[in-house]
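Below is one structure, written out as structure tokens, with a few remarks after it.
Please treat every number below as a calculation from the coordinates, not as lab data. Just so we're clear, the structure is a prediction, and the values are computed from it rather than from any experiment. Counting neighbours? That spans all protein chains shown, and the Cβs are built from the backbone with ideal geometry, glycine included.
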Amino acid sequence: MIDEEPAMLQIDVSDFGIHIPTTQLLQMAMDHEIHHKGQLFAYVRAMGHTDLPLFVKRG
């Protein structure tokens, strides 16, 4: 479980014109990664590869 106090800290991303909570920044980063992973999978499938790992187990 995430401690609520650090999760609600505002992050200064004033170069982009906003201040956002830590949790929102983390969600945006995950969404961005998922988007690019989807693009990569579509590209690789178009090249003929069909056996792609959905998840990689680490550790």
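Taking only the C-alpha atoms of the chain, Rg followed by Dmax gives 16.7, 48 Å. Put simply, the amide H of Ile20, placed in the peptide plane, has neighbours under 5 Å in Ile11, Val13, leaving out anything fewer than 5 places away on its chain.
Under the combined filter of DSSP loop state and at most 16 neighbouring Cβ atoms within 10 Å, region 15-59 retains these trypsin sites (Lys or Arg not before Pro): Lys57, Arg58.
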